[in-house]
Amino acid sequence: MPEDMSIESYLAQGGMLSNPANVPPRYRAALLKLMATFVDSELAGAAGFAEIINEGPGIKARIAAAKIVLEKSDNADRVLRIMGEFGADTERYADHHPWTARLERGADIGQQRSDHDMRLAVFNYPLEGWADAVVMNLLMGRAVAVQLAEFSLVSYQPLAEVFRALAPIEARHAELAEEGLERLIQEAGKGDLQASIDYWWPRVAASFGSEASEKFDGLKAMGLRRTPNAELKTRWQAEAGARLAKLGLTQPA
């Protein structure tokens with residue numbers, strides 16, 4: 001960074017940071033929020049899926065589900081390590097935490113966060129059986145792929161590198177869900193799958209945040225965002241909708 005340039009100007013022009021000691025307070029707060037949201041969502045998602053493992057139809061399905069739980073927990077740990085470099089209280093993650101806490105199935109909280117942690121709102125809703133869990137994992141898996149493509153470009157280089165490393169792992173989780181859904185349809189027909197899609201679709205869509213976010217411009221100036229929420233959501237809708245159509249299922253209107 002040129003000596004006569006402020007960090008704010010440097011970031012606004014696409015500069016990258018790589019040392020916690022160099023980041024401005026506002027940047028640090030926004031970066032920690034981004035990381036905490038990812039970590040808490042991964043841990044809450046893993047905890048919810050862990051409870052459904054034994055409902056898997058056969059040993060291979062259960063192994064795949066267990067692998068997803070393990071890898072999501074490990075992905076959270078990799079980002080948590082970077083949070084620790086910023087002085088975040090990582091010890092609280094070692095304590096017992098209600099990661100499995102869920103609302104009633106009929107609840108609708110929009111984009112509201114949990115009182116317990118920073119998980120995305122979608123991870124406050126309960127799974128109802130194996131097929132429902134596979135649907136949720138497919139839709140959310142496609143959303144994570146879109147979000148990680150965005151986060152892989154953040155201006156804090158060590159975090160961008162971690163997100164790039166995690167992207168293919170998370171993409172494989174969505175692929176496993178798609179394979180699982182295809183198998184379910186072959187063996188038992190479509191059953192209640194459309195009802196699960198109709199339930200999870202708006203809840204996953206809400207994870208992209210408000211389409212008129214006032215925070216976006218500030219995050220963009222810091223190099224922590226590039227693409228508006230509405231554009232990311234539209235990308236997800238197209239990709240997830242194409243996956244459903246391939247399986248003979250319908251994207252909600």
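The values are calculated or read from the model by the stated rules, or taken from the named source; none is laboratory data. Note that this is a predicted model, so its numbers are computed, not measured. Note that we place each Cβ from the backbone using ideal geometry, even for glycine, and neighbour counts take in every protein chain shown. Just the protein is used for accessible areas: all its heavy atoms, side chains included, with ligands, DNA and RNA removed. Shrake-Rupley method; radii C 1.70, N 1.55, O 1.52, S 1.80 Å.
Assorted remarks:
- Each part gets one Cα centre, and for the range 115-163 versus the range 14-66 those centres are 7 Å apart.
- Alpha-carbon centroids, the range 83-98 and the range 189-253: separation in whole Å: 29
- Helix 157-188 vs. the chain, principal-axis angle (Cα, 0 to 90°, nearest 10): 10
- If you take all other residues with their beta carbon under 15 Å from the beta carbon of LEU153, and give Lys and Arg +1 and Asp and Glu -1, the sum is +2.
- Acute angle (nearest 10 degrees) that the helix 59-85 long axis makes with the longest principal axis of the chain, alpha-carbon atoms: 10
- In the context of the full set of protein chains, the range 1-152 has a per residue accessible area of 49 Å² (1.4 Å probe).
- Base-10 log of normalised Debye intensity for the range 120-227 (one unit scatterer per alpha-carbon) at q = 0.16 Å⁻¹: -0.80
- Using the alpha carbons alone, the radius of gyration of the range 8-93 stands to its Kirkwood radius in an Rg to Rh ratio of 1.16.
- Exposed GluC sites (Glu not before Pro) absent - longest run of the chain, DSSP non-H/G/I/E/B, at most 10 other C-beta within 10 Å: 105-213
- Adding -39500 (n - 2.57) for every DSSP H run of four residues or longer, then dividing by how many residues the chain holds, sets the calculated 222 nm ellipticity at -20500 deg cm²/dmol.
- In the range 107-155, the alpha-carbon atoms span a convex hull of 100 Å³ per residue.
- A P(r) calculated from all alpha carbon pairs of the chain, with 10 Å bins opening at zero, reads 7, 30, 35, 19, 7, 1, 0 percent.
- As a fraction of the 1.4 Å probe accessible area of the chain, surface on carbon and sulfur atoms comes out at 51 percent.
- Relative to the 2.2 N^0.38 Å rule of thumb, the range 27-159 has a C-alpha radius of gyration ratio of 1.07.
- Rounded to 10°, Cα long-axis angle of helix 193-205 versus longest principal axis of the chain: 10
- Rg over Rh [alpha-carbon atoms, Kirkwood Rh] for the range 69-109: 1.11
- Two-site FRET efficiency, ARG92 against LEU70, from Cβ-Cβ distance with R₀ of 25 Å, rounded to 0.05: 0.70
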